[in-house]
Amino acid sequence: MQSHINHLNLFMKNILLSAFTLLLAFQVQAQSADAIIAKHLAAVGADNWSKVEAVKMEAVVSSQAAPGMDIPLTMTIVNNKAARIDVTVMGMTQSSCVNGETGWSNNPFMGQTDAEPITADQAKSMKDMTDLSGPLFGYNEKGYNVEYVGTEDVDGVEAHKIKVVMSPTKTQYSLIDPESYYEIKTVTVEKVDGQEVEASSTFSDFKKVEGITFPFAIEQNNPMMGSTVTKMSNITVNPVVDMNIFKMPAK
């Protein structure tokens, strides 16, 4: 009988030790994620985001789908409210917009000259763009779960990899340079209209505007759009924005 009790006590001690070790591992991971994110936010001047109400970006895009062409792009974002992207090619402008919970788009290159509402999933996905500060800034307040998941090679840099669960249908992996603590790549896995889509963005050519570090070069890979390279020509912080530009044009 005493032998059985001793075995049971040993078994319970092993269970408790395993549980403690697992809990400690989770705590170390959380602390690592918190510490890395804190250094990242300090490096990019994230405290200045509290002063930002809107941003306007002007850029030129080169696309795998349109080789040899430099495509002008303008993006206007009002923090946590609305975003609009305009792309002009051969005198025609394609626009995509989200305003609150709804959005619209047109596509004159496919014969859709009138603006049409986008789906609820598309609007939800695009709405994340209106969070100018990004998911790592104030992630606790935003209800996101973060986890340090090791390192990953990004063009020869062993970057810290942070998993950010933003919702049941969207997860972002942020890869952070261990020297500069800039975010040099993101990989987003998201379910939109019933399909899981994975897209990546690689960032470079970092410059400060109004105390905040922005990437002025972005290479994006999306299975629906192929590869694109966006080079910023100008970023304006707190421009005057007419909110009427986000309303869907009448047919």
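The values are calculated or read from the model by the stated rules, or taken from the named source; none is laboratory data. Keep in mind that what you see is a predicted model, and the values were worked out from it rather than measured. Please note: Cβ atoms are built from the backbone with ideal geometry, for glycine as well, and neighbour counts cover all protein chains shown. To get the accessible areas, we keep the full protein, side chains included, count just its heavy atoms, and leave off ligands, DNA and RNA. Shrake-Rupley method; radii C 1.70, N 1.55, O 1.52, S 1.80 Å.
Here segment 44-54 is the region considered, the condition is being of a type outside the set (D, E) and open to solvent by 30 Å² or more (accessible area, probe 1.4 Å), and the residue that is nearest to F137 (Cα to Cα) is W49. Quick one: which strands (runs of 3 or more DSSP E) lie wholly within segment 162-251 and hold at least 1 residues that are open to solvent by 40 Å² or more (accessible area, probe 1.4 Å) and modelled with pLDDT under 95? Where strands (runs of 3 or more DSSP E) fall fully within segment 162-251 and carry at least 1 residues being open to solvent by 40 Å² or more (accessible area, probe 1.4 Å) and modelled with pLDDT under 95, they are 183-192, 195-209, 212-222, 226-237. In segment 84-119, which residue that is open to solvent by 60 Å² or more (accessible area, probe 1.4 Å) and either in contact with a His (Cβ under 8 Å, 6 or more places away or on another chain) or not in a strand (DSSP E or B) (or both) is modelled with the highest pLDDT? The qualifying residue modelled with the highest pLDDT is E101. What is the one condition in (1) part of a helix (DSSP H, G or I); (2) crowded, with 18+ Cβ neighbours inside 10 Å; (3) touching a strand residue (DSSP E or B) at 6+ places or on another chain (Cβ under 7 Å) that K124 does not satisfy? So the condition that K124 fails would be (3).
Mind counting the residues in segment 138-189 that are of a type in the set (S, T, N, Q) and closer than 20 Å to M126 by Cα? Residues flagged as of a type in the set (S, T, N, Q) and closer than 20 Å to M126 by Cα within segment 138-189 amount to 7. Please verify whether E158 is in contact with a Ser or Thr (Cβ under 7 Å, 6 or more places away or on another chain), open to solvent by less than 30 Å² (accessible area, probe 1.4 Å), part of a strand (DSSP E or B) and modelled with pLDDT under 95, treating the condition exactly as stated. In short, no.
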